[in-house]
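Enquirer: Sending over a structure as structure tokens; questions will come in a sec.
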Amino acid sequence: MVLFCIICTLLEVQTSEAAITNGGAMSLLRPDVATFWQLVDLVEGHLTPAQIVVVIWGWGSQIIYFACIVGYKHFHKSIARHNELLAKACTGGAVLITFYNCVTDYNYVGLVINNFWWQVAISSVIALGSATLGIAGLHFIKAGFGKE
């Protein structure tokens, strides 16, 4: 489950990046493990300004997606504690970015399958796989070692 979560996360970051670069230099035919190295390259300053924008968008939209799917209540509550209006604006923006994430998954699947319902089904598996299977997989690993 954790491995499948990682694969789906890579695909989601790649599809978000490809959407703003109109396909860009990345291959959407497979999840690319080098996508994780983008974060290291970002911190070490090895990216061009254009690459920085793409990496920030790809990973940023994925992290916002995680915040919406995995911890929506905590996300909203932690911001609302300081400013209710800001919490509503941030939550609204996060929902829009999450919707965008789903659309890019749908478009990605459309490169392979041209059937509306199958595209919805497979893009939903990618979205839910990246959002929830990592948590469930970690829970099962802890349960397997007798920690829960």
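The values are calculated or read from the model by the stated rules, or taken from the named source; none is laboratory data. Just so it is clear, the structure is predicted and the values come from calculations on it, not from any experiment. As a convention, Cβ positions derive from the backbone with ideal geometry for all residues, glycine included, and neighbour counts pool all protein chains shown. Accessible surface areas use protein heavy atoms only, side chains included; no ligands, DNA or RNA. Shrake-Rupley method; radii C 1.70, N 1.55, O 1.52, S 1.80 Å.
Enquirer: Quick check on HIS76: is it open to solvent by less than 60 Å² (accessible area, probe 1.4 Å) and at pLDDT below 85?
Expert: Yes; evaluated as a whole, the condition is true for this residue.
Enquirer: If you go through the range 98-113, how many residues are touching a helix residue (DSSP H, G or I) at 6+ places or on another chain (Cβ under 7 Å), of a type in the set (A, V, I, L, M) and surrounded by fewer than 20 Cβ atoms within 10 Å (Cβ to Cβ)?
Expert: Going through the range 98-113 one residue at a time, the tally reaches 1.
Enquirer: Something else: Inspect all residues belonging to the range 4-24 and state whether any of them is within 22 Å of LEU133 (Cα to Cα), in a helix (DSSP H, G or I), charged (D, E, K, R) and open to solvent by less than 50 Å² (accessible area, probe 1.4 Å).
Expert: Among the residues of the range 4-24, at least one is within 22 Å of LEU133 (Cα to Cα), in a helix (DSSP H, G or I), charged (D, E, K, R) and open to solvent by less than 50 Å² (accessible area, probe 1.4 Å), which makes the answer yes.
Enquirer: Would you call VAL40 modelled with pLDDT of 90 or more, crowded, with 18+ Cβ neighbours inside 10 Å and farther than 21 Å from THR132 by Cα?
Expert: no
Enquirer: Out of the range 43-57, which residues are within 18 Å of the chain's Cα centre (by Cα) and open to solvent by 50 Å² or more (accessible area, probe 1.4 Å)?
Expert: Selection gives GLN51, ILE52, VAL53, ILE56, TRP57.
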